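The values are calculated or read from the model by the stated rules, or taken from the named source; none is laboratory data. Being a predicted model, the structure only gives us computed values, none of them experimental. Cβ placement follows ideal geometry from the backbone for every residue including glycine, while neighbour counts extend to all protein chains displayed.
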Amino acid sequence: MKVITTNNAPAAIGPYSQAIVTGNLVYGSGQIPVDPQTGNIPEGIIAQAHQSCKNVKGLMEAAGTSMEKVVKTTCFLADIKDFAAFNEVYAQYFVSNPARSCCAVKDLPKGVLCEIEAIAEI
């Protein structure tokens with residue numbers, strides 16, 4: 001296994017890695033919409049979805065792969081009413097239409113509106 005660390009995604013805030021490569025797959029930890037350079041969280045689901053996607057992209061690139069090679073995502077929303085708006089942003093980044101689960105949850109870290117985790121082929 002190889003631990004992936006990058007400044008292009010938020011640092012881990014607990015006992016976990018940003019991503020792990022094993023075999024020909026990278027497993028990315030869930031990415032909330034924290035700007036890795038400033039630590040700020042943008043307002044609203046559209047801006048937060050963009051930032052979460054950018055963070056996933058940063059992990060994938062650090063692992064030596066790309067968004068086009070993502071095979072599975074799991075998405076968490078604080079409010080299922082944001083599903084359509086989230087999808088509009090998500091579709092701009094995950095153009096290969098990977099397999100996906102998406103559900104609403106009671107709470108997300110730091111009170112954010114979305115979180116995305118991804119698995120990709122190297």
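How do the pairs read when you match residues in segment 7-22 that are over 21 Å from residue 48 (Cα atoms) with residues anywhere that are assigned to a loop (DSSP other than H, G, I, E, B) and of a type in the set (A, V, I, L, M), using Cβ under 8 Å and keeping only pairs 6 or more apart or on different chains?
Every condition considered, the pairs that remain are 20/1; 21/1; 21/63; 21/122; 22/1.
Identify the residue in segment 22-39 that is among the β-branched types (Val, Ile, Thr) and either modelled with pLDDT under 95 or over 16 Å from the mean Cα position of the chain (by Cα) (or both) and, among all such residues, is nearest to residue 71 (Cα to Cα).
22
Within the group 104, 99, 84, 78, which residue is of a type outside the set (Ser, Thr, Tyr) and free of Cβ contacts under 8 Å to residues at least 24 places away in the same chain?
Working: 104 fails: free of Cβ contacts under 8 Å to residues at least 24 places away in the same chain; 99 fails: free of Cβ contacts under 8 Å to residues at least 24 places away in the same chain; 78 fails: free of Cβ contacts under 8 Å to residues at least 24 places away in the same chain.
Being of a type outside the set (Ser, Thr, Tyr) and free of Cβ contacts under 8 Å to residues at least 24 places away in the same chain holds for just one of 104, 99, 84, 78, which is 84.
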